[in-house]
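Okay, structure first, notes after.
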Amino acid sequence: MEYKKITVVVITYNQEDVIGRCLDSILCQKDFGLKDIIVCDDCSTDNNWEVVSKYKEAYPDYIRAYRNEPNKGIYGNQQHALTYIEPTDLVLLCSGDDALCPGYFETIQKFIVQNNITDFNERFVIYSDWKVSTPDFKELPFYNNYISKGYNAVSLKLRQLICNRSAIMSYPTIKSFYEVPINEGVSVAENLFDSQVQIHSHKNYYCPFMGSIYYSGIGVSTKMNTIPHIQNLILSYERLRDLGIYDKKDLFYIDYLICRLSYRRE
């Protein structure tokens with residue numbers, strides 16, 4: 001069986017204690033199509049870069065590591081990391097506090113054959129499920145199966161009924177991404193960047209497999225219940241509305257979110 005080539009992009013910052021877990025979870029699947037791992041360290045102030053460098057030395061055929069100088073922020077780092085992607089078949093975006101589940105790549109490769117996915121010049125996304133591991137060792141599963149029910153992917157993402165975790169996309173999909181503003185707040189960059197997965201994909205598939213784990217309580221959360229953050233969320237939905245890609249129901253839902261957030265702001 002000829003496996004499709006998979007590139008994994010990992011952004012990381014001050015994650016010296018967990019970045020190894022992330023990279024190990026990817027490397028253990030290298031026999032199932034892994035082409036390369038692009039690691040972008042955002043000028044970490046701990047020993048994160050040293051850990052990444054040791055992995056690069058141990059796996060020079062798989063790991064390409066880069067360090068930003070100076071710090072670019074979460075989505076500045078994410079957008080910069082995309083510039084290092086070389087031609088491949090599939091791309092998966094990860095953070096240093098994520099880990100892939102065993103068997104994920106093998107399952108994706110079998111899914112591609114079983115579903116006769118042959119045109120890798122097409123823009124498509126294969127969604128799988130994911131789970132959260134909490135600091136008290138609870139595991140909470142989340143399912144992306146709504147994508148298999150024929151609903152519009154952009155609408156589903158707006159309503160947070162699907163997530164980009166465990167969403168592996170074709171190379172033309174990721175190459176269609178455009179830069180989003182990173183100086184208007186994290187929520188604006190987050191909503192505009194993440195929505196591009198759905199905006200640029202022409203076909204969507206659902207592979208019922210638990211593809212990745214997000215370890216909560218480690219990374220920098222953008223979900224803060226503060227007035228400045230709420231104001232930034234409002235701005236992010238205004239920017240989404242300005243894209244002009246939503247139907248009337250979606251626009252009504254965006255206006256509802258803005259009104260609800262405006263009430264909280266007061």
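Bear in mind these aren't lab numbers, they're just calculated from the coordinates by the rules spelled out. Because the structure is predicted, anything quoted here is derived from the model rather than measured. As a convention, Cβ positions derive from the backbone with ideal geometry for all residues, glycine included, and neighbour counts pool all protein chains shown.
Results, tabulated for the structure shown:
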{"quantity": "Formal net charge of residues neighbouring TYR13 (Cβ-Cβ distance under 12 Å; K, R +1; D, E -1)", "calculated": "-3"}
{"quantity": "Length-normalised contact order for the stretch 112-249 - Cα pairs under 8 Å, 6+ apart - percent", "calculated": "34 percent"}
{"quantity": "Relative contact order computed over the chain (Cα-Cα under 8 Å; 6+ residues apart), in percent", "calculated": "20 percent"}
{"quantity": "Most mobile listed residue (TYR66, TYR151, TYR237) in the chain, GNM with C-alpha springs under 10 Å", "calculated": "TYR151"}
{"quantity": "D (Stokes-Einstein, µm²/s), Kirkwood Cα radius, the chain, 1.002 mPa s at 20 °C", "calculated": "112 µm²/s"}
{"quantity": "Cβ-based charge dipole, the chain, positive-most Cα from GLY244, LEU90, ASN71", "calculated": "GLY244"}
{"quantity": "Cβ charges +1 (Lys, Arg) and -1 (Asp, Glu), total dipole of the chain, debye", "calculated": "820 debye"}
{"quantity": "Cα→Cβ-extended label distance, 7 Å offset, between GLU86 and ASP255, nm", "calculated": "5.1 nm"}
{"quantity": "Residue-span extension gain [ARG241 to ASN115] - 0.36 nm each, minus C-alpha spacing", "calculated": "41.9 nm"}
{"quantity": "Those aspartates and glutamates that a straight Cα-Cα span of less than 13 Å connects to LYS5, excepting residues fewer than 8 apart in one chain", "calculated": "ASP31, ASP36, GLU86, ASP89, GLU106"}
{"quantity": "DSSP beta bridges in the chain [antiparallel fraction, %, rounded to 5]", "calculated": "30 percent"}
{"quantity": "Likely footprinting exposure, CYS101, CYS94, fewest C-beta neighbours within 10 Å first", "calculated": "CYS101, CYS94"}
{"quantity": "The stretch 104-164: radius of gyration over Cα atoms, expressed as a fraction of 2.2 N^0.38 Å", "calculated": "1.35"}
{"quantity": "Globularity ratio of the stretch 106-246, using Cα Rg and 2.2 N^0.38 Å", "calculated": "1.12"}
{"quantity": "For the stretch 123-132, 3J(HN,Hα) per residue [Karplus equation, 6.51 cos²θ - 1.76 cosθ + 1.60, θ = phi - 60°, Hz, x = Gly/Pro]", "calculated": "8, 8, 10, 10, 8, 10, 8, 8, 9, 9"}
{"quantity": "Sum of -39500 (n - 2.57) over DSSP H runs of 4+, divided by residues of the chain (222 nm, nearest 500)", "calculated": "-11000 deg cm²/dmol"}
